[in-house]
Amino acid sequence: MRIDPHVHLRDWPVQRHKETLEHGFAVAWKEGLSGVFEMPNTDPALVSEKVILERMKMGRAALDKLSLPLFHGIIAGLTSRKEQVEKIADVWRRYFPRVTGLKMFAGHSTGNMGIPDPEAQLHIYRTLTDLNYTGVLMVHCEKESLLRPELFDPGKPESHLEARPPEAEVESVRDQIRWAGESGFKGVLHICHVSVPQSLTLIEKSRNSLGGRLTCGITPHHALLSADDMKGKDGILLKVNPPLRLEGMRGEMFRALMNGRIDWIETDHAPHTETEKREKHLSGLPVLQFYGSFIRILKDNGIDDGLLEKLTSGNIVKAFNLPEDLFPVNPGAVGINPEEYGFDPFGSVRLKRY
């Protein structure tokens, strides 16, 4: 059983050209996954009961059309409005496990869901604590005040690293841990797509203070790709938030994954068309189509079977408090075309050994 707890499946009229639920589900199943959890920054965003119920209906119809038993979880989004936080926490309570958890963007990324104000973030933790929310709170950590978008040069794609520097992630992680502690947060704080070794060290040092209710994930691209891969004419295709880091940091994160210091693998699958990547310089990568290949790379590097099980399902079902029988048996990955999404972000990976 393998689960990807972090995907962006687009769809709806505004984003259907990027991907449909039907296509994303089909790719996930072919790559060996038994379940995916969808992020809330769709258009419209998954921040109200009405929109979430519509998305659930769409997901069910897509799976029925494909005749697939894949589990489609929805991560509901948080805004800075207290009333919305109260209502969406109630939606989680009533529709769990289909509504699998909640997410906050502690800085702007793709979509318009960023909550950059530290006081607003703290109020969200306090509200969730008052509501006795005990589920998972996933957080995209990039501190807005430390971002320098003016440094990004499309002609030098690797400059995206300077525009969204490592300290923006580290300090945002520090903020979230602080807010969770100060508020007495009763749920599980999950730091999404950790890309900086210092962030990971901070998380490890803070686990006990939060009663063990602190987890983190890593993406295949942050484990395998670095800013060096962004040099050249196709480098803009690898623009992603948080950005690909320096090779030394990448290597440390890969070793941390292999050594069991990270809780789970999450693809942060976020497709755009190649034209959008080249002309609009949008952040996000298609990654679902690489999931099976990533697992093979980990196996080739001698990862422990027990650790791999925890990274791909065990730690996920434990943190989200999900029954294992929610996820169907997938007979096995069959793999798909590396350029299923028009371009292959991992082309350079296929030439390397880790």
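What the Cα convex hull of the chain gives, in volume per residue, is 122 Å³.
For PHE37, the residues whose amide H sits under 5 Å from its own are ASP4, HIS6, VAL7, GLY73, ignoring neighbours fewer than 5 places away on the same chain, with H placed 1.01 Å from N.
Regarding region 146-257, what is the average projected area of its C-alpha convex hull, in nm²? Provide the component values of the computation, followed by the final result.
Numbers: hull surface 28.0 nm².
Projected area, direction-averaged: 7.0 nm².
Note on region 66-187: semi-axes of the ellipsoid equivalent to its C-alpha gyration tensor, largest first and rounded to whole Å, are 28, 20, 11. Pairs over the 20 Å Cα-Cα cut-off, from the set LYS231/LYS280; LYS239/LYS280; LYS30/LYS233: LYS30/LYS233. Treat region 112-182 as a sphere of radius equal to its Kirkwood radius over Cα pairs and apply Stokes-Einstein at 4 °C in a medium of 1.567 mPa s; give the translational diffusion coefficient in µm²/s, rounded to a whole number. Estimated via Stokes-Einstein, D reaches 96 µm²/s. For a bin width of 10 Å, list the pair-distance distribution of region 1-124 built from all Cα-Cα distances, rounded to whole %. For region 1-124, the binned pair fractions read 13, 44, 32, 10, 1 percent. From the alpha carbon centroid of region 303-354 to that of region 118-146 is 28 Å. Sequence-ordered 3J(HN,Hα) estimates for region 262-271 from the Karplus curve with 6.51, -1.76 and 1.60 and θ = phi - 60° stand at 10, 7, 7, 8, 9, 6, 6, 3, 8, x Hz, glycine and proline given as x. For region 1-63, the fraction of alpha-carbon pairs lying more than 17 Å apart is 36 percent, rounded to a whole number.
Each distinct pair of alpha carbons in region 222-290 adds a 1/r term; the inverse of their mean, the Kirkwood radius, is 12.9 Å.
Using the Cα centre as the reference, give the magnitude of the dipole from point charges on the C-beta atoms of the chain (Lys, Arg: +1; Asp, Glu: -1; all else neutral), rounded to the nearest 20 debye.
Numbers: 45 positive and 48 negative charges, 84 e Å.
Around 400 debye, computed over the chain.
Here the Karplus curve 6.51 cos²θ - 1.76 cosθ + 1.60, taken at θ = phi - 60°, turns the phi angles of region 192-207 into couplings of 6, 5, 5, 10, 10, x, 5, 4, 5, 4, 4, 4, 4, 6, 9, 4 Hz, with x standing for Gly and Pro. Using only the C-alpha atoms, the convex hull of region 49-112 corresponds to 99 Å³ per residue.
Checked against a 21 Å cut-off, the cross-linked pairs LYS50/LYS277; LYS82/LYS103; LYS57/LYS318; LYS65/LYS318 give Cα-Cα distances beyond that limit for LYS50/LYS277; LYS57/LYS318; LYS65/LYS318. Close amide-amide hydrogen proximity is noted between MET138 and LEU102, LYS103, MET104, HIS190, each under 5 Å apart and 5 or more residues distant or on a separate chain (H modeled in the peptide plane; Pro and chain starts excluded). Distant-in-sequence amide contacts of GLY114, defined by a placed amide H-H separation under 5 Å and a gap of 5 or more residues or a different chain, comprise SER109.
With N residues in region 209-332, what two-decimal value do you get for its Cα radius of gyration over 2.2 N^0.38 Å?
Values: Rg = 16.0 Å, N = 124, 2.2 N^0.38 = 13.7 Å.
Relative to the 2.2 N^0.38 Å estimate, region 209-332 comes out at 1.17.
Across region 155-172, computed HN-Hα scalar couplings (Karplus, 6.51 cos²θ - 1.76 cosθ + 1.60, θ = phi - 60°) run x, 10, x, 5, 5, 4, 5, 6, 6, 10, x, x, 5, 5, 5, 4, 5, 5 Hz from first to last residue, x flagging Gly and Pro.
Taken together, the values in this text are just the output of simple stated rules run on the coordinates, not laboratory data. Treat the numbers as computed from the prediction; the structure is a model and nothing was measured. Don't worry about glycine lacking a Cβ; one is built from the backbone with ideal geometry, like all the others, and counts go over all protein chains shown.
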